[in-house]
Structure formats: C-alpha cells, structure tokens
Amino acid sequence: MKQGAGGGGADSAAPRVDWDAAAAAFDDEPDHGLRDADVRRAWSGRLRSWLPARPGDVLDLGCGTGSLSLLAAEQGHGVTGVDLSPAMLERARAKLAGHDAVFLTGDAALPPVGERCFDAVLVRHVLWTLPEPARVLRHWRSLLRPGGRLVLVEGVWGSTAPVGIPADRLAALLAPLAGRTRVEHLSGDPALWGRAVDDERYAVVWSSPVTRTTP
C-alpha cells in the first residue's frame, strides 16, 4: 500500500503513512520485497498470466520499491513506475538498474504520463486509498492502448474495522468501462503472501476492446 498518505479510500479512510520513513523497512514484508524464492516465484507466475504475453509497455502505479516492476522487466516489458515517495523511488531505481525502466514522482490517480501509451497499467493495493475510484479508473483506462489491460490487485483487510475495497465493488466500478473483467481470488494461495491469510485478497484483470479498422 504505497499511496494514500492522507486521501480517503474507496470504501473507508486510508491511514496516514509517511512512506519516505517506511521505505527502509518496506521490503521486509514477504509480498513487498519478494526476497523469498517461493514468494517471488508465485508473484512472477501470476504476473505472467495477468500481463500481455508479448513484451510491451507497463505502467506500475504506486510502484513502491519496484518489486513488481522488476518482475515485469524480467519478463521483457518496458516499465514506467510512479510513486509519491522519493525514498521508495530511490530503491526502485537501484533495484532495476540495467533494466528498461524509468521511475517518476507523481500521484497514482493522475500520473505524469501521456494517454494511450501503455499496454498494461499495474496497480497493487492503491485504488482503495483513492477518492473517486470510478473517475480514477476512467483515467487509467485512457492511458491504455487498444486491447490494453488494467491489472488491479486489491483486498479487504482487518476484522474489527476493515479497510479496502471488495471484489464485487471493484467489478461494479469497472462495468461501465465496456471491457472484459476477470476476477482472480488470491487469499487461498499462501505462497503469494509468505503465510496463510483469511482476509479477502484478489486481482482483477480488465481488458479494453481491440479497435479494428476496416480495410
């Protein structure tokens, strides 16, 4: 969760976090740093199934220290990462040194990139922190080329005061965008998290229509 230093969430308020201060220990979480070989392998396999098969341009929003950016780059994609935290981005740049990747300081809701430039927009644990998620999703769609994909990893965490965005809520927000939506539940795969979890964790892959031209 690398956004939401004060913004309201989709279904509940996001906590205030100083992500620059948190950057040094961010990768200590198994699903953040992907230091464990089994966890890294699990995320690599999922990412390969979510992103386009052919190498393309991937925009990683709220990229943090760049762990998912690195997996995408290793799979042949060119990566642009965006995060609000300069300290996170410093670690991401070091992690992807020598790869086809660029990192920009900016807001995930309005990233400093052009429209129709990307084959996939990858966002993990960020949308729930942003106000007006429907508007944000429309903007993210505008960043995609025809046939591009939104890859959204989200969930609902906590039992006493849960935060996050449920899968059915996110699917409903994507419905007006007139693409194809696939929901993949992730809670039952402990390899992704380095432990068993009992909260709601999932990925949504939304595919935009391919524009066909008449000869």
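Side notes on the structure shown:
- Dipole check for the chain: with +1 at the C-beta of Lys and Arg, -1 at the C-beta of Asp and Glu, and the Cα centre as origin, the magnitude is about 820 Debye.
- Fluctuation leader among Gly179, Gly45, Gly147 - the chain, Gaussian network, Cα springs under 10 angstrom: Gly45
- Sorted on the mean count of surrounding Cβ atoms within 10 Å across their residues, most packed first, peptides 183-193, 78-88 read 78-88, 183-193.
- Accessible area of Arg48 (1.4 Å probe, protein heavy atoms only, ligands and nucleic acids ignored): about 140 Å².
- Counted over the chain, the DSSP beta bridges are approximately 45% antiparallel.
- Heavy-atom accessible area, probed at 1.4 angstrom with all protein chains present, ranks Asp57, Asp27, Asp36 as Asp36, Asp57, Asp27, highest first.
- Fluctuation leader among Ala42, Ala92, Ala178 - the chain, Gaussian network, Cα springs under 10 angstrom: Ala178
- Note on surface exposure: Trp157, Trp140 rank Trp157, Trp140 by accessible area, highest first, 1.4 Å probe.
- Where Arg54, Arg116 fall by accessible area, highest first, once all protein chains stay in place (1.4 Å): Arg54, Arg116
- Extension gain (nm, one decimal) between Ala53 and Arg16, 0.36 nm per residue minus Cα-Cα: 9.6 nm
- C-alpha center-to-center spacing [the stretch 63-96, the stretch 152-174] in angstrom: 24 Å
- Expressed as a fraction of 2.2 N^0.38 Å, the value expected for a compact globular protein of N residues, the C-alpha radius of gyration of the chain is 0.95.
- Nitroxide proxy distance, nm - points 7 Å out along Cα→Cβ at Val210 and Thr160: 5.1 nm
- Under the convention that each Lys and Arg Cβ holds +1 and each Asp and Glu Cβ holds -1, the size of the dipole of the stretch 16-70 around its Cα centre is about 380 debye.
The values are calculated or read from the model by the stated rules, or taken from the named source; none is laboratory data. Owing to the predicted nature of the structure, the values given are computational and were not obtained by experimental measurement. Heads up, the Cβs are rebuilt from the backbone with ideal geometry, glycines too, and the neighbour counts pull from every protein chain shown. To get the accessible areas, we keep the full protein, side chains included, count just its heavy atoms, and leave off ligands, DNA and RNA. Shrake-Rupley method; radii C 1.70, N 1.55, O 1.52, S 1.80 Å.
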